[in-house]
Amino acid sequence: MTAKLLKDSKVSNSGEESFSHLVEQKVLSLRRNIISERADKLAEVVYRSVYVILDKVSELEPRFTVSEILKVGSYFEGTKIDKIDEFDFLVVIKELSKPGAIHINKGPDVFDEGYLMKEPGMVQIKLQDDDLKMKWRKYVIDDFLTGFQQPKDTHKRRQEFGSFVLESIKIFAKTQHEWRDLLFEPGVNMFFNRGGLTLLSISDSERVILKAAEVHHPNTVLELEYDGSAISVDLSPAIRYDRVKDCFKAGDCVNERLAADVLERGSILLVAKQGNTFRITFTETEVEYMREKIHWVHKLVYMYLKYIKCLYAKIKPGFQPFSSYVLKMFCIHHDINCTIENKTVSKCLDEVLDLMTDYLENDDLPNVFNTRLTYLDIGDIESEYRLCMLDGLRKIKELAVENPTEAYFNEVIKDVVEQSAGTVDFFRNKSLKIACQGVFSA
Ligand SMILES: [Zn+2]
């Protein structure tokens, strides 16, 4: 009897080890297109194209002169999977980022469709000196800086940040034959019927084509094409703010070391949102954490969760169980608190899933930098889909540990996701939980 138990636990240990290996191989294969010379080249050429466009923006509107183009988002964070299809940049507005240029008003009243929302992590901005107030007066309403846009007032569209991005591109387009194929709605969008605008290239064989650009208030999205693949580039205006302690309380952060990282950096970024509100972000500390500080095993777990989440999202377009950002928050929480000595994907994934279950059942998920800011509304339809995904992840692991081969693992992922997502009826979600549990106990 003892011998049998020993044998079983050995089998199961090796199954768990193999499972960790399978997840690692899966993630590495999902990053095959990301960690490549082609991706590096593309990142470089996209950055240079953005630089040239923003340089032209500053000629057209000197107020929007940019001091930094910050590389953010999953590609630069080292957690991108699947394919190179998006790049995110924060565009730092030079004049407003000088020390002492702005004052902030914390915890503003934010109205969302007529409802008052007290959202932690948001601020309003007042300009400090009279020269700046004068210079930026068309972007100031009731004393507060607007997010560089007034979408309701169509006449003023042309003074938005995004509008100048479009105008700049239009100037480049005029120098190229493709101009005749351009559909242009000032301040809103531009599309090329066919062809597109050739942006900077590294060599003749490396052409990046701009197909469209759209203002999404307050960010602007460029649609590019490179070597047959579509790439979306997101540009969000931001202000660098050096009085960190105005926006950040170390006591609100989940961890002392992380709080020290924020304070040592010496500035934070305020990213323009709708109307006159700006979001306090710790993007640079976060990108650095994910790139360099998080344990490799936890990074693997994060990418694996993102992959499974995307499969669920594909099955029910318009619904995703979790955003990548929320999954990242879970993994940072776990990284900070993980006490497992010999970390493996298998062991850490179990703990992350337990953590996710706890937060889903009992509480909101706090932002790691500001615990007053929470995610996951309980009771909405997504929350049911989230439980389904957690059950699915456990089931995938259970089956893969029993038979840890690559072919079976892939099959199991596909089957379990399809089967469990298929039980979700988004129009009758009452019976969902029961249906989901039924599938897995069967
Ligand atoms: Zn761990």
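Some values worked out for this structure:
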| item | result |
| --- | --- |
| The lone exception for D358 - which of (1) at pLDDT 95 or above; (2) within 16 Å of the ligand (Cβ to nearest atom); (3) out of contact with any His (no Cβ under 9 Å at 6 or more places or on another chain) it fails | (1) |
| Search result, residues across the stretch 199-224 that are surrounded by fewer than 16 Cβ atoms within 10 Å (Cβ to Cβ) and without any contact (Cβ under 8 Å) to a residue 40 or more places away in the chain | S203, D204, S205 |
| Hey, V297 touching a Lys or Arg at 6+ places or on another chain (Cβ under 8 Å) and either open to solvent by less than 20 Å² (accessible area, probe 1.4 Å) or assigned by TED's automatic domain parsing to the domain that holds T357 (or both) or not | yes |
| Single condition V254 does not satisfy, out of (1) assigned by TED's automatic domain parsing to the domain that holds S383; (2) of a type outside the set (F, W, Y); (3) within 16 Å of the ligand (Cβ to nearest atom) | (1) |
| Single condition L353 does not satisfy, out of (1) open to solvent by 10 Å² or more (accessible area, probe 1.4 Å); (2) more than 17 Å from the chain's Cα centre (by Cα) | (1) |
| All strands (runs of 3 or more DSSP E) inside the stretch 89-160 with 3 or more residues being at pLDDT 65 or above and open to solvent by less than 70 Å² (accessible area, probe 1.4 Å) | 102-106, 122-127 |
| Residue among A407, A400 that alone is open to solvent by 50 Å² or more (accessible area, probe 1.4 Å) and away from the ligand (no atom under 16 Å from the Cβ) | A407 |
| Residue tally, condition modelled with pLDDT under 95 and within 11 Å of the ligand (Cβ to nearest atom), over the stretch 293-345 | 0 |
| Which listed residue, of F278, F248, F330, F319, is farther than 23 Å from L22 by Cα, touching a residue at least 24 places away in the same chain (Cβ under 8 Å) and either assigned by TED's automatic domain parsing to the domain that holds G422 or touching a Cys at 6+ places or on another chain (Cβ under 7 Å) (or both) | F319 |
| Matching residues, the stretch 320-367, being assigned to a loop (DSSP other than H, G, I, E, B) and closer than 30 Å to S14 by Cα | C338, T339, I340, E341, N342, K343, T344 |
| Count - residues of the stretch 60-83 that are assigned to a helix (DSSP H, G or I) and touching a helix residue (DSSP H, G or I) at 6+ places or on another chain (Cβ under 8 Å) | 7 |
| D364 within 16 Å of the ligand (Cβ to nearest atom), farther than 19 Å from H21 by Cβ and modelled with pLDDT under 95 | no |
| Residues satisfying the stated conditions in the stretch 309-339, i.e. charged (D, E, K, R), closer than 14 Å to E382 by Cα and open to solvent by less than 20 Å² (accessible area, probe 1.4 Å) | K309 |
| Residue among K10, K41 that is of a type in the set (K, R) and either modelled with pLDDT of 90 or more or not assigned by TED's automatic domain parsing to the domain that holds I171 (or both) | K10 |
| Yes/no for D391 being part of a helix (DSSP H, G or I), within 16 Å of the ligand (Cβ to nearest atom), among the acidic types (D, E) and out of contact with any Ser or Thr (no Cβ under 6 Å at 6 or more places or on another chain) | no |
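The values are calculated or read from the model by the stated rules, or taken from the named source; none is laboratory data. Keep in mind the model is a prediction, meaning the values are calculated, not measured. Neighbour counts run over all protein chains shown; Cβ positions are idealised from the backbone, glycine included. Just so you know, the surface numbers come from the protein's heavy atoms only, side chains and all, with ligands and any DNA or RNA stripped out. Shrake-Rupley method; radii C 1.70, N 1.55, O 1.52, S 1.80 Å.
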